[in-house]
Each structure stands twice: as structure tokens, then as C-alpha cells.
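The values are calculated or read from the model by the stated rules, or taken from the named source; none is laboratory data. Computed from a prediction, not measured in an experiment: that's the story for all the values here. Positions of Cβ are generated from backbone atoms using ideal geometry, with glycine treated the same way; all protein chains shown enter the neighbour counts. Ligands, DNA and RNA are excluded from the accessible area calculation, which covers all protein heavy atoms including side chains. Shrake-Rupley method; radii C 1.70, N 1.55, O 1.52, S 1.80 Å.
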Amino acid sequence: MLELLTAKEMSVADRLTAERGVPGYDLMQNAGDAVADEVFKRYPQAESVSVLCGPGNNGGDGFVAAVALQQKGYRVRLGLLGSLEKLPGDAAAHAERWEGEVEPLSADLLDEADVVIDAIFGAGLARPIEGDIAALIEALNDSDIPAIAVDVPSGIDGTSGSVRGIAIEAEATVTFFRLKPGHLLLPGRLYCGEITLADIGIPDSVLQDIAPSAFGNEPRLWLGDFPWPEVGGHKYSRGHAVVVSGPADATGAARLAARGALRIGAGLVTMASPKDALSINASQLTAVMVRPVDGAKEFSELLSDTRKNSAVLGPGLGVGKPACEMVQAALESRAAVVIDADGLTSFADAPDKLFDSVQDRQAPTVFTPHAGEFARLFPDLKPKTEGEPASKLESAREAAKRSGAVVVFKGPDTVVATPDGRASINATSSPWLATAGTGDVLAGMIGGLLAQEMLDQALPVFEAVSAAVWLHGEAARAFGPGLISEDVPEMLPEVFRALLTL
Ligand SMILES: NC(=O)C1=CN([C@@H]2O[C@H](COP(=O)(O)OP(=O)(O)OC[C@H]3O[C@@H](n4cnc5c(N)ncnc54)[C@H](OP(=O)(O)O)[C@@H]3O)[C@@H](O)[C@H]2O)[C@@H](O)CC1
Ligand SMILES: [K+]
């Protein structure tokens, strides 16, 4: 259930299913019935339902739902965009089974409707919605009538999550076989309401041919590889993460990162601190060790001890040449390297220099930019949310390919993308995460997890980074209102306890 399918991959699933003997007509029947079931489940007391049908197969699903809901005793009205004669094959066949009136698609259909089914556009949305349909959607969004969307809310591009012109704000969305990236990416996710995934008879075996490369970030994606501590283990077998502190007036961010690294299970965490900040860091840290490190040369020396197998730098580091040198020193080591915040911004003028160093490495490198930092390093890859759908998912993938790093493109829909094209989208998050320092904690958590070797030396980086992102979001969600960044690491024990019962 983790795989996310683009519109193109969904049509391949459709074709492969037909080749295996399940006709599209049957899939549409099951899809429409699942929508009707959702309406029945949610609104058993409703009396009248209006079904808004578009000119393609999404509209076909609407006809099926209309027939099923009428049989359940609802008063059903149906409006169609375009003409019955132009409906594609399966949709036309199902439309014949609808015995009620087919009205033109207009805001009239909203009169006295208790519930609306949005079957206007699904995977075939090809351009921005304009004119009368845009006005209808606006009227629906302005009303109190709940809408149940078929596959995706009309106006949302299922593959990119972008709004094409205007989109229906659905109460719930019923989608089929697998989620689409646009159900998890913003702004799409905000329009879907509660999402139900319906089995419509597409066999899982089609996925072997499709080989999807995008996944919802859920524990099932990485739990099998998670480095739970072993009874016979010791702190040295759980890795040693190094976190670089900023100068005396900017040490907090690195301490947040160090706490994240420790709580996620790194056996040892060392803070590499400029001498002028040593006593400040030392007075604030207990389990985290503090070592004096001034400049790139001393940092290289520290990392020449290969037991220090992960380095996190960027939080509080300051922007400029010294930061670039520290990053380069880390990249020349054999440690896994996480570069965040100032560590990324310092390369805004010469991103290729950074990428060249990353491309040369054997050990994993992870970038953790938020949208602003992403735009500084990859100005031409900035995702769009309006108009042409170039998604955050594709931007992150392209950035990973270009840089050679695993890119964690942060936000409410954090994307983890690897240079080989694999990607996960995280949907467990919390609005309370939008507070100072939570990104520093995440960088530390990633570094702390990379320090622990997953699956006997073979470190599945994609899984490790996805796990850290999920755990970070889940810790924030579990804490809830009033969260500050210090709370995120402290929630990890509770999140781990819950994971251990899965
Ligand atoms: N795949 C599967 O396994 C299954 C798929 N199923 C269902 O099929 C749905 C996909 O159907 P689909 O491909 O026919 O596309 P759909 O979304 O109905 O729209 C195409 C029509 O809209 C039109 N149009 C587009 N944009 C427009 C605009 N802005 N403004 C105006 N018009 C616009 C476009 O016109 P054209 O671009 O051709 O001019 C065309 O006429 C999928 O979401 C799911 O619900 C299920 O039945 C079960 C199995
Ligand atoms: K729809």
C-alpha cells in the first residue's frame, strides 16, 4: 500500500489488469460502488445527493455511484459536462444504466443537495479549470455542502498535488488501488479531506511491471531495517555521531541536533566545538561529549578516527568561507555527512563545487534544505504550486540526481529523494513543527541514525533517512499543542515504544 502511482503508472495498471482478464467495465463498477459506500457510511441520514460528472472515466465512476445510491434510496440528481455520446467506452456503458435525468453541469445541482459527489476530473485533468466549471467549484466551496471526491478532488493534479486553476475542497476522497503523490503533497493533501483507498480488483502483481519509485513514508517502508539495539551490543556498535557547533553566540542549534542524534540511538555523540564556545557547550551537555575543534584542519583530524562514522553540520555554523571549508573537510572524510542550514547556504554562489565533492564520495551524504535553502542551491528546480505541475517530488528527485546527495526537501510534506530516483513523501507531521530549531533536531536525528549501521554494514540510506523524517514528524504529532524543538527528541522514547508493538 506504500507505493504511490502517477497518472501514467495508473493507466499502465489499468492496461495490465485488462490483459489479465479483468475488464475496465468491472473496475469502474467497483470504483463507483466504493464511492457510493463511502457516501452511505458517512451520510446515512442524507436524503438528496447530486453527482457532478465530467466527460471522462472519472464521470463514469460518477454514473455508477449515482445508480448505486438511487438503489439505496437516496434522491439522486446527476449533471454531466459535455454530451452522453462523447463519453469514453466504459463510462458510456455505465451511463446507459442510469435511468434518471442527465442535466447539464451547473450550480443548479447544488440546490437542496445534502451531499455532492465530485466526479468531474480525475487522473485525466489536463489543464487549468476555467469558466463555468470554475464558477461551479467556487459556489460548491462557498457552500456548506460536503463533497466526496472520486479519485482526486477535481482541480488537483494527482501526480504533482498542484491546483490547476481552482479545486474542490473535499470532505473525503475515495481513490483506487494505490494513493497518488498528489494525495500527500501540498497543496493537494489539504483538498482531499479524509482519504479512503478502495480495492477495485487491480491485482498487486501489476506492480512488478510498473516498479514504482515513490512511496508514502510509513514505518512499513523501513521498519524491517531499523537498527534496534541488540542485547549483545555496546555503545561502540551503535555508532558515533559528531555534531559541529557554531561560535559562542550560536551554539543552541548544534545542541538540539546532538540531542536528536543521541535520542535516536547513536551510541556516542561528540560536539565539535570552537574553543571560544567550549565552556558554554560543556556546561549545557551531559551525555554528549565536547571536543575543541577550530577550523577545517582540526575537524579533519577529528574525523580521521573512522569510528566517528557520521557528521552533522550546518545548524548555527554561520554562512561563509569557513563554513564551506568545514563542509569540505567533512566530505573528504569517510563518515556519513548531513549538511543542513548554513552548511548549504554557504554554497549558494557555487553549488557545483559542493556537488562535485559529494559525487566523489562513497559514504552517504544528505542535504536537508527547507524551501528557501533548496531554492538557493537549486534555483531552477523550485517547485510550482500553480499552473504547470512541476512537483516538489520531481524537484527533490532532480536535485538528488544533480548533487549526488540524498535530498530531504523539508516542509509539511517532506520528500526524501535519492540520486537513483527513489523517493518517499511524509504525511505525518504537525503544524506545531513550524517553530525554531526543529530542523536542527531533524538533521541530528538523521546523523544519529546514519551512525548506526542498519542491516549488518549494508546501510540502506533511503530507509534510514525516511525513518528519521517519519520519527521526527510522529514525535511532534504525539506531543501535540505547544511543542518547542526541545520536545521533539524527548518524545522519541514514546514513539519507539509504540513502534515496538507494531
Ligand atoms: N485507471 C484505472 O485503472 C481506473 C480509472 N478510473 C477512473 O478514471 C479516471 C481517469 O479517467 P480519464 O483518463 O478518462 O480522465 P478524467 O479525469 O475523467 O478526465 C478526462 C476528461 O476531462 C477533460 N478535461 C481534462 N482537463 C480539463 C479541463 N481543465 N477542463 C475541461 N475539460 C478537461 C478531458 O478532455 P481532453 O483533455 O481530452 O480535451 C477528458 O475529456 C480516474 O481518475 C478514475 O476516476 C476508474 O474508473 C477505475 C479504473
Ligand atoms: K474528481
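Things to note:
- When the criteria are applied in full, Arg307 meets the requirement of being part of a loop (DSSP other than H, G, I, E, B), open to solvent by 40 Å² or more (accessible area, probe 1.4 Å) and touching a residue at least 12 places away in the same chain (Cβ under 8 Å).
- Options Gly82, Gly73; residue that is away from ligand 2 (no atom under 16 Å from the Cβ), in a loop (DSSP other than H, G, I, E, B) and more than 28 Å from the chain's Cα centre (by Cα): Gly73
- Each residue in segment 134-147 was checked for being over 19 Å from Leu190 (Cβ atoms) and open to solvent by 30 Å² or more (accessible area, probe 1.4 Å), and 2 pass.
- Options Leu16, Leu52, Leu87, Leu81; residue that is within 13 Å of ligand 1 (Cβ to nearest atom), in the same structural domain as Pro153 (by TED's automatic domain parsing) and more than 25 Å from Ser106 (Cα to Cα): Leu16
- Residue-level analysis places Thr175 outside the set of residues that are more than 21 Å from Ser106 (Cα to Cα), within 15 Å of ligand 1 (Cβ to nearest atom) and touching a residue at least 60 places away in the same chain (Cβ under 8 Å).
- Taking the conditions (1) open to solvent by 50 Å² or more (accessible area, probe 1.4 Å); (2) closer than 26 Å to Gln208 by Cβ; (3) within 13 Å of ligand 1 (Cβ to nearest atom) in turn, Gly21 satisfies each one other than (3).
- Inter-residue pairs, beta-carbon under 6 Å, first within 19 Å of Ala253 (Cβ to Cβ) and free of Cβ contacts under 8 Å to residues at least 24 places away in the same chain and in segment 469-486, second open to solvent by 30 Å² or more (accessible area, probe 1.4 Å) and of a type in the set (Phe, Trp, Tyr), 6+ apart: none
- Any hit, segment 37-44, residues being within 14 Å of ligand 1 (Cβ to nearest atom), in a helix (DSSP H, G or I) and closer than 20 Å to Ala123 by Cβ: yes
- Within segment 230-246, being open to solvent by 10 Å² or more (accessible area, probe 1.4 Å) and not in a loop (DSSP other than H, G, I, E, B) holds for Lys235, Tyr236, Ser237, Arg238, His240.
- Any hit, segment 109-117, residues being touching a residue at least 60 places away in the same chain (Cβ under 8 Å), exposed (fewer than 14 other Cβ atoms within 10 Å of the Cβ) and away from ligand 2 (no atom under 16 Å from the Cβ): yes
- Residue list for segment 456-502, filter: acidic (Asp, Glu) and surrounded by 15 or more Cβ atoms within 10 Å (Cβ to Cβ): Glu463, Glu474, Asp487
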